[in-house]
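Here's the structure, in structure tokens; my notes come after.
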Amino acid sequence: MSSPLLTVARWEFFRYFKWKGEIFTLLLILVLSGLSFSGKELISKFSSAKSIEIAVIDDLGVTLPELDSSRFIWTRANQTDRPALMQRLGDQDIGGILSIKDSTNSSMTVFEKESWQGELQPILNQLLLDKRLDSAEISHADFYQLNKPAALEIQIHQQGNLPSSKSEKLFVMIVLGLMLLGVFMSFSYIFISVTSEKQMRVTEQVISAISPQTWIDGKLLGLTAMSLKSIITTAITAVLGIIVFAKLTNAPSYFEGFEGSIITFGLIGAFALAGLLFWNCFLVAIAAMVEDPNTSTKTPIMLLPVLAVSVAFFAISEPNNIVVQILSFLPITSMGVMPVRMVMGTVDMWQIIASLLLLIIAVVWTRKFASKIFRLSMLMYGKEPQWREVWKWIRQS
Amino acid sequence: MSKAFLSVSNINKSFSNVKAVVDLSFEVHPGTIYALLGPNGAGKTTTVRMLLDIIRPDSGVIAYNNNSNGRINPAKMGYLPEERGMYPDKSPLDSLVYLAMLRGMKRNDAKQEASKWLKRFDLADRENDKLQTLSKGNQQKVQLISSILHRPDFAILDEPFSGFDPVNQEKVIKIIHELSADGMTIVLSAHQMDLVERLADEILLLSHGTAVLQGKMKDVLKEASSALKLSIDVAAINQQTLAGLSDICNYEIADVDGNKRITFFLHDENNVGQLLKACTETMSIHNINTETIGLHRIYLDAVKKHKESINV
């Protein structure tokens, strides 16, 4: 026989878990994540399928390069050919009509704006620059040597504090994005779950069967599991989408050079779980106070967790800043900030453990006061508790 | 008399400055049907919540089977709250199984029992539909089933007839009788006095948190059956005659089909002959009707008397 706690947790989980919706959402994430990272390559891939013919009306007489003959086909023409060329352009028989007037001026007429036009710009720039260098009788080699930027290689003295790679930055951004997703999903699940039960007057029936503590614990368990499920499935699907699309389009591998250990992943998971539990306790307590979701002044407070996790994005640029270090210990921000420090900054293991312990203590404490508020608020119909009353309950809990 | 299943001794409960329940005591015996009656705001819901241990009394003792901690194993009790509420996006079967499991039933047993009860209430073909697609009456059936599905020893049924048509009201009466005959102890609260009269073994009438009438149903009715309700339909009322009769008994006046109906509430000691003589001599009587006084009248009189005694 399953315990009432697990019965509630299972009920809460499956209230929001729908197979059809789940599969549709994951497919959408797969495609969108792939497109957002490899979209450019995908578009180029499709647009490069055919060669583009450019009619060139050249008053200057430049030598047209054969940089990528399969991409662009140059066709020499005169001003007198323009009407016929315009006809061919209208029929989309040619990609454009390029007029080179002098070494600094050129114009191109196209049928519509397309991505290949961006590719033509640097070719043309190079072409006209070379023409100007020739006119000025300046050696190409000398010119490029003079314009070479000064190299500045930064070497870090502090051991272990290596500069963050692009892949690390990307990893941290994904982790924070997933945490944001988790707290946002928790907000929506808990808000609907608690306020609807209160409005549907299910409360008395449930409380006569199980203790408020069992009810709130079951809710926390079920809805936190649902949020975690969202995080995990989204993460797996998104990474899969990025990898698959990158392979298909020959896009660069975004995770190349990233070295994450099992311990790092495990600790980040622990922070995500403890952080979600901490915020879910808070959300359950606030939601129980809401009498009418449409008019309650307490609803906006439920967005607090989203702001608290968002703070961690500022830590990415300076993970070792003293303010960031302090935020990584505060339970309201450590869920996001400490993982940033772990991946991008320098942090001792004792600091990670201490921060995690503080967060766990905060979970225990928040659960205690949330239970008290939940028990008293759920049976309060017709009015919302005042903050003064809530404070009294917290002190009593 | 058997040992009390539920014993309530001198309980009190106040909210801010409002006394919701005042020095209330009663006993409910195993296998009986106990009616908790009273007008809105009389303290019934507060009493029920204290019986369920949702709130605690400020003073006094609630004991189940002589255990004075005021608690009963949730698996052994059922509750139909006055404020109905289920999960509209869930099916009757899912909702019933969930609530039964919270009360300790195994999933398969709960499923089996739920299907059986839904069939009995003619809802077998709707067991997998969403609750919100069911009519109000059918939703009430599901709610009622949820309170008895797990065969509790004790059930509190708050307004079990609410939302039901007469056919289904009869079905509910039959089921409550059956459950009681099987040994279930039932506390019910309802406003349909005729139905309560047919069901309850004992009653407790509350007014302003105080017990104003209490006892076995047959004793309460026996005491009242010596009383008589005499209705006279007249074309016009003679106020002087009525003023003279007000010393003899209570009466009410109502308009009925263009006539005035005077209803007298008589007791043994009242002189019916004197009353009729006075009426026939001064008013033109079209119709006379008599009936014994039922629980409905007893209820109204007791509440009225209590209100007068506390000057409300």
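Computed from the coordinates by the stated procedures, all read-outs in this text should not be read as laboratory data. Fair warning: this is a prediction, and the values are worked out from it, not measured in the lab. With ideal geometry, Cβ positions are generated from the backbone for all residues, glycine too; neighbour counts draw on all protein chains shown.
With no solvent and one point on each alpha carbon, what is the Debye value of log10 I(q)/I(0) for chain A at q = 0.14 Å⁻¹?
Here the Debye-derived log intensity ratios amount to -1.19.
Please state, to two decimals, what the Cα-based radius of gyration of the stretch B:6-222 comes to when divided by 2.2 N^0.38 Å (N = residues).
Details: Rg = 17.3 Å, N = 217, 2.2 N^0.38 = 17.0 Å.
Cα-based Rg divided by the globular estimate yields 1.02.
Rounded to whole Å and sorted largest first, what semi-axes of the equivalent ellipsoid does the C-alpha gyration tensor of the stretch A:339-397 yield via the square root of 5 times each eigenvalue? List each step's numbers first, then the result.
On the way: eigenvalues 267, 27, 16 Å².
Semi-axes from the Cα gyration tensor: 37, 12, 9 Å.
Once the mean 1/r over all distinct Cα pairs of the stretch A:50-143 is inverted, what Kirkwood radius in angstroms do you read off?
Taking every pair of different Cα atoms in the stretch A:50-143, averaging 1/r and inverting gives 14.0 Å.
Obtain the radius of gyration and the Kirkwood radius of the stretch B:44-97 from its C-alpha atoms and give Rg over Rh. Display every interim value, and only then the final one.
Values: Rg = 14.3 Å, Rh = 13.2 Å.
Rg/Rh: 1.08.
Sorted by packing (mean other beta-carbon atoms within 10 Å per residue), highest first, where do B:33-46, A:112-125, A:6-19 land? It would help to have the intermediate numbers written out before the result.
Details: B:33-46: 20.9, A:112-125: 12.7, A:6-19: 18.1.
In decreasing order of mean packing, B:33-46, A:112-125, A:6-19 become B:33-46, A:6-19, A:112-125.
Expressed in nm², what is the orientationally averaged projection area of the convex hull enclosing the Cα positions of the protein assembly as shown?
The number I arrive at for the protein assembly as shown is 51.3 nm².
Treating only the Cβ of Lys, Arg, Asp and Glu as charged (+1, +1, -1, -1), what charge dipole size does the protein assembly as shown show about its Cα centre? Round to the nearest 20 debye. Don't skip to the answer; put the middle values down first.
Numbers: 69 positive and 70 negative charges, 325 e Å.
Dipole magnitude for the protein assembly as shown comes out near 1560 debye.
Taking 60 Å as R0, compute the FRET efficiency from the Cβ-Cβ separation of A:Met380 and B:Leu276 and round it to 0.05. Before the final figure, lay out the partial values.
Working: r = 57 Å, r/R0 = 0.95.
About 0.55, to the nearest 0.05.
Assigning unit charges at the beta carbon (Lys, Arg +1; Asp, Glu -1) and nothing else, what dipole magnitude in debye, to the nearest 20, does chain A show about its Cα centre? Provide the component values of the computation, followed by the final result.
Numbers: 33 positive and 32 negative charges, 468 e Å.
That gives chain A a dipole magnitude of about 2240 debye.
Determine the calculated [θ] at 222 nm for chain A from helices alone, applying -39500 (n - 2.57) to every DSSP H run no shorter than 4 residues and normalising by the residue count; nearest 500 deg cm²/dmol. If you can, show how the numbers build up before the last one.
Values: 15 runs with 253 residues, N = 397.
Estimated from H runs of four or more residues: -21500 deg cm²/dmol.
Kindly point out which whole DSSP H helices in chain A project their C-alpha atoms 20 angstrom or further along the helix axis while averaging a Kyte-Doolittle hydropathy of -0.5 or above.
Numbers: long enough: A:19-47 (37 Å, 0.94); A:116-135 (29 Å, -0.47); A:166-199 (49 Å, 1.09); A:212-249 (54 Å, 1.10); A:262-289 (41 Å, 2.19); A:349-378 (42 Å, 1.32).
Once both thresholds are applied, what remains is A:19-47, A:116-135, A:166-199, A:212-249, A:262-289, A:349-378.
Under 8 Å for C-alpha pairs, at least 6 residues apart: give me the relative contact order for the stretch B:6-222, rounded to a whole percent.
Details: 395 pairs, mean separation 64.5, N = 217.
After rounding, I find 30 percent.
Suppose R0 equals 30 Å. What FRET efficiency, 1/(1 + (r/R0)^6) with r the Cβ-Cβ distance, do A:Ile301 and A:Phe14 give to the nearest 0.05? Walk me through the numbers on the way to the answer.
Values: r = 28 Å, r/R0 = 0.94.
Calculated value: 0.60.
If r is the Cβ-Cβ distance from B:Lys174 to B:Asp89 and R0 is 30 Å, what FRET efficiency results, to the nearest 0.05?
Numbers: r = 32 Å, r/R0 = 1.06.
FRET efficiency, B:Lys174 to B:Asp89: 0.40.
Note down the Stokes-Einstein diffusion coefficient of the stretch B:15-117 in µm²/s, whole number, using a Kirkwood radius over alpha carbon pairs, 37 °C, and 0.692 mPa s. Please report the intermediate quantities before stating the final value.
On the way: Rh = 16.2 Å.
Diffusion coefficient, whole number: 202 µm²/s.
So what are the stretch A:102-254's ellipsoid semi-axes, whole angstrom, largest first, if each one is the square root of 5 times an eigenvalue of the alpha-carbon gyration tensor?
On the way: eigenvalues 734, 114, 36 Å².
The equivalent ellipsoid of the stretch A:102-254 has semi-axes of 61, 24, 13 Å.
Of all DSSP beta bridges in the protein assembly as shown, what percent run antiparallel (nearest 5)?
On the way: 45 of 72 bridges.
Once the DSSP bridges in the protein assembly as shown are tallied, antiparallel ones form about 60 percent.
How large, in Å, is the stretch B:228-292 by the Kirkwood hydrodynamic radius built from its alpha-carbon pairs? Write out the running numbers ahead of the final one.
Working: mean 1/r = 0.0854 Å⁻¹.
It works out to 11.7 Å.
What is the average number of partner chain Cβ atoms found within 10 Å of a Cβ in A:196-207? It would help to have the intermediate numbers written out before the result.
Details: counts 4, 2, 1, 1, 8, 6, 8, 4, 13, 13, 4, 7.
Mean inter-chain Cβ contacts per residue within 10 Å come to 6.
In debye, nearest 20, what is the charge dipole magnitude of the stretch A:225-365 about its Cα centre with +1 on Lys and Arg Cβ and -1 on Asp and Glu Cβ, if you could check? Before the final figure, lay out the partial values.
Details: 4 positive and 6 negative charges, 33 e Å.
Computed about the Cα centre, the dipole is about 160 debye.
Does anything in the stretch B:28-69 have its amide N under 13 Å from the 7 Å Cα→Cβ label point of B:Val22, and if so which residues?
B:42-43
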